[in-house]
Amino acid sequence: MSESYVTLDVQNAVGTITFYTPNHNALPTEILKKLERTIIEAGVRSDLRVLVIQSGGDRTFCAGASFNELIAIENESQGKDFFMGFARVILAMRKCPLLTIVRVQGKTVGGGVGLAAAADYCMATKYASIKLSEISIGIGPFVIGPAVERKIGVSAFSQVTMNAQEFYSAAWALGRGLYASVFETVEALDQAIEKLAGDLATYNPEALAESKKMFWSNTEAWDTLLETRAATSGKLVLSDFTRKKLQSYA
């Protein structure tokens, strides 16, 4: 596979959104916008009860945002818009009336951890270790922070943020509540997701929608909060420290 894509497949009231990019599923702005639109479109379909979000390929779930776009940022406006990419996807997941399952088949970094945290239910394989590397390049996991902190708590969030060079195992993420279940193989993961999604699709849709509202109560301020966090990241990415760090990786 060499072409990036976002697709929606519908079967038996379950919608499966798949995103893919050839660079370890790192997501450029264009793909993030497509992902956001697809989530919104799925949410208004009358034939859907449940949404599954997954990435293509059998290795990395998501390597975060596009490094090439990050290094090309020239001003604060561009910076804010760049970091709003993941913010808009997280907000779309929060507002989507469908209960959302995220499938994490492999390692996930930065914004990918945010996608996992924004799930209503997240399932993974034992290979799905996580890392928040942002602070090591002079920024921080500000945009995804509310979603991650909501799932794993302040203590665990601060730990993985500060220890930015280390991958934390899927077992660690399971113990902190980011993952609901961890499986030995992708096949076992997919079987479990198929069963859970299939069961949910047979339940009262009104009860599902009201449950979603309940799960996300007290997050009404996120639109403003994530935009503010994106502006902070957009400013920090232009600092001398971060520019030098990014150039060293180029």
TODO: Obtain the nm distance between the two label points defined at Q78 and K235 by a simple spin-label model: each point lies 7 Å from its Cα along the Cα-to-C-beta direction.
DONE: 2.0 nm
Task: Descending principal axes extents, region 5-186, alpha-carbon based, whole Å - done: 45, 38, 28
TODO: Using only alpha carbons, build the gyration tensor for region 60-162 and give me the equivalent ellipsoid semi-axes, biggest first, whole Å.
DONE: 22, 16, 14
Open item on the list: Within a 10 angstrom radius of the beta carbon, how do T7, T16, T125 rank from fewest other beta carbons to most?
Closed with: T7, T16, T125
Open item on the list: What's the whole-number percent of alpha carbon pairs in region 196-250 lying beyond 15 angstrom?
Closed with: 69 percent
Open item on the list: Please list, short to long, the whole-number percent of alpha-carbon pairs of region 164-204 in consecutive 5 angstrom bins beginning at zero.
Closed with: 5, 20, 18, 22, 16, 10, 5, 3, 1
Task: Per-residue [θ]222 nm for the chain (sum of -39500 (n - 2.57) over DSSP H runs n ≥ 4, rounded to 500) - done: -15500 deg cm²/dmol
Open item on the list: Using each residue's phi in region 12-17, evaluate 6.51 cos²θ - 1.76 cosθ + 1.60 at θ = phi - 60° and report the 3J(HN,Hα) Karplus result to the nearest Hz, with x for Gly and Pro.
Closed with: 6, 6, 10, x, 10, 9
TODO: Let me know the charge dipole size of region 5-186 about its Cα centre in debye, to the nearest 20, where only the beta-carbon of Lys, Arg (+1) and Asp, Glu (-1) is charged.
DONE: 400 debye
- [ ] Name the residue farthest towards the positive end of the dipole of region 72-227 from the options L189, V113, S136, assuming +1 on Cβ of Lys and Arg, -1 on Cβ of Asp and Glu, about the Cα centre.
- [x] L189
Open item on the list: Filter K126/K195; K151/K212; K33/K126; K33/K245; K131/K151; K95/K131 down to the pairs with a C-alpha to C-alpha distance above 21 Å, please.
Closed with: K33/K126; K33/K245; K95/K131
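Throughout, read-outs are computed from the coordinates displayed, never taken from laboratory work. Note that the structure is a prediction, hence the values are computed from the model and not measured. Note that each Cβ is placed from the backbone with ideal geometry, even for glycine, and that neighbours are counted across all protein chains shown.
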